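**Q** Structure in structure tokens, see below.
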Amino acid sequence: MNYRLPLALALSFAVMPLAIAAGSPADIPVKDFFRHAEFGQVTLSPTGEFLAVTIPQDDRSLLAILRTKDKGVVAKWDYGTSEYAENVIWVNDKRFMVEVSEKFGTLDFHVGNPNLYLADADGSHRKEVPYGNTYELADLLPNDPDNILMERSFERPNLFKMNVNTGYMAKVVVSPVASGNFAIDHDGKVRYAMGATEAGDLFRTFRRDGDQWVQVSEKKMYGSDDDERVPLGFAPDNKHIYMSFRSKGGPAGVLLSDPDTNTEKVLFQNPVVSFGDQIWNHDNVRMLGVGYEEDLPKHQYFDEDAPETRILMALDSAFPDDAVDVTSETRDGRYALVHTHSATDPGRFYLFDTQTKQATFLLAGRSWIDPDQMSPMKPITVTARDGLVLHGYLTVPRSSNGRNMPMVVWVHGGPMARDDWAFDPIVQFLASRGYAVLQMNYRGSSGYGEKFMEMGYKHWGTTMQDDLTDSVKSVISQGLVDKDRVCIFGASYGGYAAIMSAEREPDLYKCTIGYAGVYSLPMEVQKSDTGTIKSGRTSFKNAYPESLAEQQAQSPSYNVDKLKIPVMLVHGGDDQRVPIAQMHFLVDQMAKAGKKPEVVLVKQKEAHGFRDPENNIELYTKVQAFLNEHIGAGANDAGKSGGAP
């Protein structure tokens, strides 16, 4: 059965503020790419009366409650310097809980767990959850508007029922594993617990049987081919269970399990990538499908004839060039908050009426960005030298014919993260200045299964760099890129890779930019704030080579004799994740080898990634000048030498 959106819906989506186009992409000011978005997260209240909106600022993000009908401000909150309101959860029709995280740089992870605050939509009855940074939401208990279930870890996870008006906690159950989560059915009954053992080497899943826990499965946390089953939620009958599964370290899929008959039905499985977002119906009792991204963002629906699924499919069809997500819905399912976005569009929010099939434009995160001035991002695949297939993206400048282009390799951080098809201000800035941008999900990236990610363990400076090398050579061999005009640029782990790749392949690149990079693996173990927490130490143990000699061999600071090209270094003086001592040590090592970076930019008050807009304008103005000199039109590479005094 075909389902088409009425003309009224298409028209209503078209009525929105439009950015004023510049004469050409090159005319767009640097500041337009690096201004804070006007809005971050937007969440619709269960009645549809209110919108909760986060508002990014230089050193924090604010929270505001708006009336949906006219976007008037009802109430607002400022939690202080370096405090970011990031996740708003409506706990009943009028009251919400917000997670507020401490964060010091744009490249940084949150410091510790978020604090939790409760308030009514009108700003009244504000309350901080005591020791809120030790709790996380387990279930909203939709049939009990005064209570929610919260999980807190002492020696092991404990489940509490919390009154959202008073904050009073009552213990429900204790988990049999040292860390992890609970699976709760539609009646608010605890059915499963899953997580890691105290040693952190095994992942176990238990089923609740009366007052006892019965182990269902066990697998090694790292380097295991064991099958894995993790509950995601319950089907409408409260008996069948949606579960995440993976086999032999492959990508994660979704299945429907019948615990009584021990039978399973696979709902989603992709040979390349794991599923991403889970798509549930408006009252969260039926999983409608999942999102995934092998190349472009896609949805796979489990029952295409279901009425709610047909609406979602119609929304996907209405925006064939965009990714479309329903981010929140009213309790009765009538209104949905729809977010559309793409590689050229930072995103827009609409209120969609599922009865009239009409949508109203609400907000745009970066209304000054004109998608027609941005450059297209194209999925690519590359076969590495050992036969491993890699996935990535090539952004081609709108002003280019797509052949013989100068190119910047932009390496994602993490490295247990991934690049995807989405708006990236750095990528679009570089493309607007005439540079193709290559982003590869090298081995070690997340999203492609545990085995793919674990292939990067112990190999930061070897095969992970070979993947970047093979990808660059691939696009050169196709005539897409000028082999004499390639630079590599990255931040955090990407900064590490930018320098390490330049040392391993001194003739492939013409310049390199390391931003907040790890340049000495031994120093990172000793001085990073990552090493102060147990999970961070476990990460180092798994990812880094074991011996000091091998750590040094895979560290850029110990291979500076191989640097032959101009180097630009960028760092924040208050970086705790990758302390600035990393950059100073690299510079000292270069000096001992008779070399020095061509450009060094340090901002003492910045942390792991610059967040002050003026500092970012200065940074990317210098990046542009550096690139223009070395791989820009007419750049003369004769005599260029990284390390030349």
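**Q** Taking the options E308, E293, name whichever one is closer than 22 Å to A422 by Cβ and buried (at least 19 other Cβ atoms within 10 Å of the Cβ).
**A** E293
**Q** If you scan region 537-583, which residues turn out to be open to solvent by 10 Å² or more (accessible area, probe 1.4 Å), within 27 Å of K605 (Cβ to Cβ) and among the charged types (D, E, K, R)?
**A** D574, R577
**Q** A follow-up question, please. Could you go through region 438-449 and let me know if any residue there is farther than 30 Å from R67 by Cα, surrounded by fewer than 21 Cβ atoms within 10 Å (Cβ to Cβ), out of contact with any Lys or Arg (no Cβ under 7 Å at 6 or more places or on another chain) and not aromatic (F, W, Y).
**A** No, region 438-449 contains no residue that is farther than 30 Å from R67 by Cα, surrounded by fewer than 21 Cβ atoms within 10 Å (Cβ to Cβ), out of contact with any Lys or Arg (no Cβ under 7 Å at 6 or more places or on another chain) and not aromatic (F, W, Y).
**Q** Sticking with this structure for a sec: Filter region 8-48 down to the residues that are at pLDDT below 80, closer than 28 Å to L315 by Cα and either touching an Asp or Glu at 6+ places or on another chain (Cβ under 8 Å) or surrounded by fewer than 17 Cβ atoms within 10 Å (Cβ to Cβ) (or both) and list them by number.
**A** Within region 8-48, A8, A10, L11, A14, V15, M16, P17, L18, A19, I20, A21 qualify.
**Q** Which condition from (1) crowded, with 16+ Cβ neighbours inside 10 Å; (2) over 30 Å from the mean Cα position of the chain (by Cα) is the one that I184 breaks?
**A** For I184, the exception is condition (2).
**Q** What is the number of the single condition among (1) within 29 Å of the chain's Cα centre (by Cα); (2) over 22 Å from E329 (Cβ atoms); (3) assigned to a strand (DSSP E or B) that V172 does not meet?
**A** (1)
**Q** Which one of these does T197 not meet: (1) of a type outside the set (F, W, Y); (2) under 27 Å from I279 (Cβ atoms); (3) open to solvent by less than 70 Å² (accessible area, probe 1.4 Å); (4) at pLDDT below 90?
**A** Here T197 clears every test but (2).
**Q** Return the pairs, sorted by first residue and then second, in which the second residue is exposed (fewer than 13 other Cβ atoms within 10 Å of the Cβ) and not charged (D, E, K, R), the first residue lies in region 122-139 and is over 9 Å from M150 (Cβ atoms), the beta carbons are less than 9 Å apart, and the residues are 6+ apart or on different chains.
**A** Here the result reads K127/T166; N133/G112; T134/F154, each pair linking region 122-139 to a residue that is exposed (fewer than 13 other Cβ atoms within 10 Å of the Cβ) and not charged (D, E, K, R).
**Q** I would also like to ask the following. Condition test on G402, is it surrounded by 22 or more Cβ atoms within 10 Å (Cβ to Cβ), modelled with pLDDT under 95 and either among the hydroxyl-bearing types (S, T, Y) or not in a strand (DSSP E or B) (or both)?
**A** It is false that G402 is surrounded by 22 or more Cβ atoms within 10 Å (Cβ to Cβ), modelled with pLDDT under 95 and either among the hydroxyl-bearing types (S, T, Y) or not in a strand (DSSP E or B) (or both).
**Q** A further question follows. Cβ-Cβ distance below 6 Å, separation of 6 or more or different chains: which pairs start in region 337-364 with a residue that is of a type in the set (K, R) and end on one that is part of a strand (DSSP E or B)?
**A** R348/T340; R348/A364
**Q** If I filter region 487-499 for residues that are modelled with pLDDT of 95 or more, open to solvent by less than 10 Å² (accessible area, probe 1.4 Å) and more than 22 Å from the chain's Cα centre (by Cα), do I get at least one hit?
**A** Yes, there is a match, as at least one residue in region 487-499 is modelled with pLDDT of 95 or more, open to solvent by less than 10 Å² (accessible area, probe 1.4 Å) and more than 22 Å from the chain's Cα centre (by Cα).
**Q** Taking only pairs six or more apart or across chains, which ones have beta-carbon atoms under 8 Å, a first residue in region 601-626 that is over 18 Å from S82 (Cβ atoms), and a second residue that is among the small types (G, A, S) and surrounded by fewer than 20 Cβ atoms within 10 Å (Cβ to Cβ)?
**A** The qualifying pairs are V602/G573.
**Q** When the residues of region 585-615 are filtered to those that are small (G, A, S) and under 13 Å from A516 (Cβ atoms), which remaining residue is surrounded by the fewest Cβ atoms within 10 Å (Cβ to Cβ)?
**A** Result: G609.
**Q** Between a first residue in region 201-221 that is closer than 15 Å to P157 by Cα and open to solvent by less than 40 Å² (accessible area, probe 1.4 Å) and a second residue that is among the β-branched types (V, I, T) and in a strand (DSSP E or B), which pairs have beta carbons less than 6 Å apart while being 6 or more apart in sequence or on different chains?
**A** As it stands, the answer is T205/V216, since those pairs meet every condition given.
**Q** Taking region 154-193, which residues are polar (S, T, N, Q) and in contact with a Ser or Thr (Cβ under 7 Å, 6 or more places away or on another chain)?
**A** Matches in region 154-193: S179 only.
**Q** While we're looking at this one, here's another question. Tally time: how many residues in region 385-399 are in contact with a strand residue (DSSP E or B) (Cβ under 7 Å, 6 or more places away or on another chain) and more than 17 Å from V623 (Cβ to Cβ)?
**A** Qualifying residue count for the region: 7.
**Q** Give the residue, chosen from G387, G392, G402, that is more than 21 Å from V30 (Cα to Cα) and without any contact (Cβ under 8 Å) to a residue 60 or more places away in the chain.
**A** Only one candidate qualifies: G387.
**Q** Another question, then. Please go through region 298-337 and give me each residue that is in a loop (DSSP other than H, G, I, E, B), of a type in the set (A, V, I, L, M, F, W, C) and under 30 Å from R35 (Cα atoms), ordered by number.
**A** Listed by number, the list holds a single entry, F319.
**Q** Test V623 against the criterion of being surrounded by 22 or more Cβ atoms within 10 Å (Cβ to Cβ) and more than 28 Å from G434 (Cβ to Cβ), and give yes or no.
**A** Taking the combined requirement at face value, the residue does not satisfy it.
**Q** Right, next: Please identify the pairs in which a residue from region 540-561 that is in contact (Cβ under 8 Å) with a residue 40 or more places away in the chain has its Cβ atom under 6 Å from the Cβ atom of a residue that is aliphatic (A, V, I, L, M) and open to solvent by 10 Å² or more (accessible area, probe 1.4 Å), counting only partners at least 6 apart or on another chain.
**A** V560/A593
**Q** If we keep just the residues of region 500-517 that are open to solvent by less than 10 Å² (accessible area, probe 1.4 Å) and in a loop (DSSP other than H, G, I, E, B), which is modelled with the highest pLDDT?
**A** Among residues in region 500-517 that are open to solvent by less than 10 Å² (accessible area, probe 1.4 Å) and in a loop (DSSP other than H, G, I, E, B), the one modelled with the highest pLDDT is Y509.
**Q** Take residues that are more than 30 Å from E308 (Cβ to Cβ) and tell me which of the strands (runs of 3 or more DSSP E) falling wholly in region 175-282 contain 3 or more.
**A** So the answer is 190-196, 202-209, 212-220.
**Q** Related question: Of the numbered conditions (1) open to solvent by 20 Å² or more (accessible area, probe 1.4 Å); (2) in contact with a Lys or Arg (Cβ under 9 Å, 6 or more places away or on another chain), L149 satisfies every one except a single condition; which is it?
**A** Unmet condition: (1).
**Q** Please go through (1) in a loop (DSSP other than H, G, I, E, B); (2) within 24 Å of S432 (Cβ to Cβ) for T340 and return the number of the only condition it doesn't satisfy.
**A** (1)
**Q** Please enumerate the residues belonging to region 473-490 that are farther than 14 Å from R403 by Cα and assigned to a helix (DSSP H, G or I).
**A** Listed by number, the list holds a single entry, K473.
**Q** Scanning region 370-390 for residues that are open to solvent by 20 Å² or more (accessible area, probe 1.4 Å) and either β-branched (V, I, T) or touching a Cys at 6+ places or on another chain (Cβ under 7 Å) (or both), which turns out farthest from C511 (Cα to Cα)?
**A** Ranking the qualifying residues of region 370-390, first place goes to V389.
**Q** Check off (1) in contact with a His (Cβ under 6 Å, 6 or more places away or on another chain); (2) farther than 30 Å from W90 by Cα; (3) open to solvent by less than 50 Å² (accessible area, probe 1.4 Å) for Y393 and give me the number that stays unchecked.
**A** (1)
**Q** Do we have any residue at all in region 413-426 that's in contact with a helix residue (DSSP H, G or I) (Cβ under 9 Å, 6 or more places away or on another chain), open to solvent by less than 20 Å² (accessible area, probe 1.4 Å) and not in a loop (DSSP other than H, G, I, E, B)?
**A** no
**Q** For region 626-645, which positions are open to solvent by 60 Å² or more (accessible area, probe 1.4 Å) and either at pLDDT 95 or above or closer than 19 Å to V600 by Cα (or both)?
**A** N628, E629, K640, P645
The values are calculated or read from the model by the stated rules, or taken from the named source; none is laboratory data. If you're wondering where the values come from, they're calculated on a predicted model, not measured in any experiment. Every residue, glycine as well, gets a Cβ built from its backbone with ideal geometry; the counts of neighbours run over all protein chains shown. When the accessible area is computed, the model is the full protein with side chains, heavy atoms only, and any ligands, DNA or RNA have been set aside. Shrake-Rupley method; radii C 1.70, N 1.55, O 1.52, S 1.80 Å.
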